[in-house]
1. Largest first, what is the accessible-area ranking of H32, H45 with a 1.4 Å probe?
2. Sort out the exposed loop GluC sites (Glu not before Pro) in the chain (DSSP loop, at most 10 other Cβ within 10 Å) and tell me the longest stretch that has none.
3. For the chain, what is the Kirkwood estimate of the hydrodynamic radius, computed as the reciprocal of the mean inverse distance between distinct Cα atoms, to one decimal in Å?
4. Please enumerate, by chain and number, the lysines with C-alpha under 20 Å from the C-alpha of K15, excluding those fewer than 8 residues away in the same chain.
5. Identify the trypsin sites (Lys or Arg not before Pro) of region 1-76 meeting these criteria: DSSP loop state and at most 11 other C-beta atoms within 10 Å of the C-beta.
6. Of Q75, Q24, Q42, which is the most mobile in a GNM of the chain whose springs link Cα atoms less than 10 angstrom apart?
7. For region 7-55, compute Rh as the Kirkwood radius over C-alpha pairs and then the Stokes-Einstein diffusion coefficient at 4 °C and 1.567 mPa s; write the answer in µm²/s, rounded to an integer.
8. With every protein chain in place, what's the accessible area of D13 (1.4 Å probe, Å², nearest 10)?
Amino acid sequence: VGEEVMLTFTIKDEKTKEPITNLQQYLGAAGHVVALTEDAEQYLHVHPMEEKATGPDAKFMTTFPKGGIYKLWGQFKHENELLIVPFVIEVP
């Protein structure tokens, strides 16, 4: 809480498990992450450190304002398809 942390998404093909290295720009960046606290009081929208990254890693720096459970969604575009990947994390 209150410290900058890195979130790394490693994007792989669902069927082949091979790394995806040709992500497309989505809303001007290689991806986006949104996060919402369990009580829906805090909302974060995070852009990648390298906006022109093509994968397989997409790295995001953010600071969580308080501890607790967060729902995160990673948003990426590949072969003209928007991929939205949900996660639940606990911030101590």
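The values are calculated or read from the model by the stated rules, or taken from the named source; none is laboratory data. None of these values were measured; they are calculated from a predicted model. Here the Cβ positions follow ideal geometry from the backbone for every residue, glycine too, while neighbour counts run over all protein chains shown. Remember, those area values only see protein heavy atoms, side chains included, never the ligands or the DNA or RNA. Shrake-Rupley method; radii C 1.70, N 1.55, O 1.52, S 1.80 Å.
1. H45, H32
2. My reading of the result: 42-78 is the longest stretch.
3. Hydrodynamic radius (Kirkwood, Cα pairs) of the chain is 13.6 Å.
4. Here the lysines satisfying the reach criterion relative to K15 are K77.
5. K15, K17, K52
6. Answer for the Gaussian network model of the chain: Q42.
7. 105 µm²/s
8. It works out to around 50 Å².
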